[in-house]
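Shown next, in structure tokens, is the structure this report addresses.
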Amino acid sequence: MQALVLAGGEGTRLRPLTYTTPKPVMPLAGRPFLSFMLDWLRGHGVTGAILSCGFLSDAVREVLGDTHQGMRLHYVTEEEPLGTAGPVRLALEGGILEERLLVLNGDVLTDLDLTAQLARHAATGARATLALIEVEDVSSYGVVPTGADGRVEAFLEKSDGPASTNRINAGAYVIEREVVESMIPSGRAVSFEREVFPALVGDGLHGYEASGYWIDIGAPERYLEATYDLLSGRLKSSLPPRDETGSLIGTGCLVSGAHIGPQSVLGSHCSVGSDSTLERSVLHDRVLVGADCVIRDSVLAGGVRVGDGARIEPGAMLGSGAKVEPGAVVGLDARVAPGAVVQAGGSPA
Ligand code: GTP
């Protein structure tokens, strides 16, 4: 089975982290995000994946290479962003599409049953089958009502009024090549969600009612939620064992005298000074935190330095190489640009 993973978006909601590291390879629980997705695809019989890249594509290839546990990785890079469907047309024109294809949003962490979705697609003779997942709060998503026979009845954007179902598009599609040929125009950005699927309603578009774990890691609070779920084992993965606080500490870290946990992740070669507290937070590689600091519910990108006695309040995200001076406070939900300096008693410089 062939899969195409959409991995070319700019990931604006995860800025400032995504200014320097593209979302597909953003470290999640210490591993490049897409490695979880590729494990999942491999478990459902995918033998080759096309990675559709654009924004910071070299970084994606550098991190993931040309194979993943025996699965071949093929890169297709677009010069201008082609949206979510345009890249599939580009792959068709590159002559690399098989008859039937899985298309995945490259920012979803899930264990939904693709094998069952593929079987449903084959049994109904659909032209395209979307995985639909139930969420409690549909306010940030469009919803997809289906009839008793599984046919999609509408593709409703979140602006279309009160939701009639709490099933949303999970970003996992089975698509016949014929749909790519006939429904996705060439040479311009095209959206599955806004153009292709609405046009396919009543013309061979089916839903598969998926269950299991599903989260879109593309927003800061969900990136942290996905981290906690992986650490706690709510989603099964091949992560190394966590320590007694449910935290993961990477190789070459120095943390003696610091209070790490619960549910924190340190990438490789980080240090946290004595009497510092790090709770439910994520440090990417080579982050240096001084003594007597407090960091809660925050994400610090690679190479961030935090001076003694500094405090980082919940929801903060610090871009690569940012510096927090001794005694400075980074406020609730703050965003600090890569390389910026947060001074004591002041805002980022
Ligand atoms: P935000 O800017 O934070 O909304 O993130 P995003 O750019 O990733 O957009 P969105 O979450 O809507 O994208 C869903 C999936 O499609 C992600 O896996 C993106 O990487 C991918 N994607 C979005 N736009 C493009 C594009 O123009 N080209 C390619 N190849 N992939 C895209």
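How large, in Å, is the range 96-203 by the Kirkwood hydrodynamic radius built from its alpha-carbon pairs? Present the calculation step by step, with values, prior to reporting the outcome.
On the way: mean 1/r = 0.0682 Å⁻¹.
In the range 96-203 this quantity evaluates to 14.7 Å.
The separation of the range 1-59 from the range 214-242, counted between C-alpha centres, amounts to 15 Å. All distinct Cα pairs of the chain go into the 1/r average, and the inverse of that average, the Kirkwood radius, is 21.2 Å.
Which percent, nearest 5, of DSSP beta bridges in the chain are antiparallel? Don't jump to the answer; show the numbers that get you there.
Working: 23 of 72 bridges.
DSSP beta bridges in the chain are roughly 30 percent antiparallel.
Each part gets one Cα centre, and for the range 110-139 versus the range 172-206 those centres are 16 Å apart.
Would you mind getting me the FRET efficiency between Glu79 and Asp275? Use the beta-carbon distance for r and R0 = 41 Å, nearest 0.05. Each step should come with its number before you reach the end.
On the way: r = 51 Å, r/R0 = 1.25.
About 0.20, to the nearest 0.05.
What value, in deg cm²/dmol to 500, does the helix sum -39500 (n - 2.57) over DSSP H runs of n ≥ 4 give at 222 nm once divided by the residues of the chain? All intermediate terms of the calculation are to be shown ahead of the outcome.
Numbers: 7 runs with 62 residues, N = 349.
So the helix-based figure for the chain works out to -5000 deg cm²/dmol.
For the range 244-349, what is the Kirkwood hydrodynamic radius in Å, using each pair of distinct C-alpha atoms? Computed over the range 244-349, the radius equals 12.9 Å.
Comparing Gly327, Ala310, Val342 along the charge dipole axis of the range 284-349, the residue lying farthest to the positive side is Val342, per the Cβ-charge model. So in the range 244-349, what percent of DSSP beta bridges are antiparallel if you round to the nearest 5? Close to 5 percent. Residues whose amide H lies under 5 Å from that of His259, counting only those 5 or more places away or on a different chain, are Asp275, Ser276, Thr277, Leu278; hydrogens are built 1.01 Å from N in the peptide plane. Its Cα centre serving as origin, the chain has a Cβ charge dipole (Lys and Arg +1, Asp and Glu -1) of approximately 460 debye.
Between Ala344 and Arg177, full extension at 0.36 nm per residue minus the direct alpha carbon distance yields a gain of 54.3 nm. Rounded if a/c is under 1.5, else prolate if a/b beats b/c, else oblate: with a ≥ b ≥ c from the C-alpha gyration tensor eigenvalues square-rooted, which is the range 1-143? It is rounded, given that a/c, with a ≥ b ≥ c, falls under 1.5. Build a GNM of the chain with springs between Cα atoms under 10 Å apart, and of Ser237, Ser57, Ser276 the one that fluctuates most is Ser237. Charge tally around Tyr223: other residues with Cβ under 14 Å, Lys/Arg +1 each, Asp/Glu -1 each, net 0. For the range 152-258, the spread of Cα coordinates along the three principal axes comes to 62, 35, 23 Å, biggest extent given first. Put simply, when 299-305, 76-82, 46-52 are sorted by average Cβ atoms within 10 angstrom per residue, most first, you get 299-305, 46-52, 76-82.
Coordinate-derived values only; no laboratory data. Since this is a predicted model, take the numbers as computed values, not measurements. Cβ: placed from backbone, ideal geometry, glycine included. Neighbour counts: every protein chain shown.
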